[in-house]
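First comes the structure, then the notes that go with it.
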Amino acid sequence: GPAIPIAPTRRLLFDAELLPYRSLPKSAFRLLIGLFAAICAAVGFAFYLVGAWPVVGFLGLDVVLLYAAFKLNYKQAQRKERLQLSEDTLLVRRIDPYRRERVWRFQPYWLRLIMPDPDRSDSQLVLASHGRRLMIGSFLPPGERFAVAAALRSALDPLQNSPARQTLAYRKFARK
């Protein structure tokens, strides 16, 4: 889809596109399915010769189900997330496997990155601000989620520790 501009004059401090990991290229997928189908055909032919012809249908069903499972997996791999940070906005664009897009905007000065335990495989990376929470990179392996968190935290740090933010925080505190 078309890029959503953050602001025409703002420079990006962080720009990352998160994509699911694909360990099996399409050519290897075709080879795997072909080999599996050939093995099932040979085994099915052997069963057919001994009179157990119904087994052939089940072996054919195995091939169809394996093919469908891989196709579904490849469809899910088409999702992606784009993180773009400027001085005043963190834009998160999520595109699902059916090309539908959702967009979230966060004000970076108050944004918190939460990743409880980077060493656990189920530890998620969450953006939190003003009562809103958004999990990002859920399809990434833990090491990559941690790397994204570290890079984004490095880009956010100068913004969150700037004199402008400290003045704004002071004014907010002084009004109470």
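The numbers here are math on the coordinates, done by the rules we state, and not lab data. Everything quoted here is computed from the prediction, not taken from an experiment. Positions of Cβ are backbone-derived with ideal geometry, glycine not excepted, and every protein chain shown enters the neighbour counts.
Stokes-Einstein diffusion for the range 21-123 at 4 °C, viscosity 1.567 mPa s, with a Kirkwood radius from C-alpha pairs, works out to 72 µm²/s. According to the square roots a ≥ b ≥ c of the eigenvalues of the Cα gyration tensor, what is the shape class of the range 34-75, taking rounded for a/c under 1.5, prolate for a/b larger than b/c otherwise, and oblate for the remainder? Oblate is the answer for the range 34-75, as a/c is 1.5 or above yet b/c matches or exceeds a/b.
Note on the range 18-120: dipole from Cβ charges, positive end direction compared against F45, M115, L85; the farthest Cα belongs to L85. Remark: the D62-E17 segment gains 12.6 nm on full extension, using 0.36 nm per residue and subtracting the alpha carbon distance.
In nanometres, what is the gap between the two model label sites at Q76 and L134, each 7 Å from Cα along Cα-to-Cβ? Label-label distance for Q76 and L134, simple model: 2.3 nm. With the simple model of a label 7 Å out from the Cα in the direction of the Cβ, S27 to L49 spans 3.5 nm.
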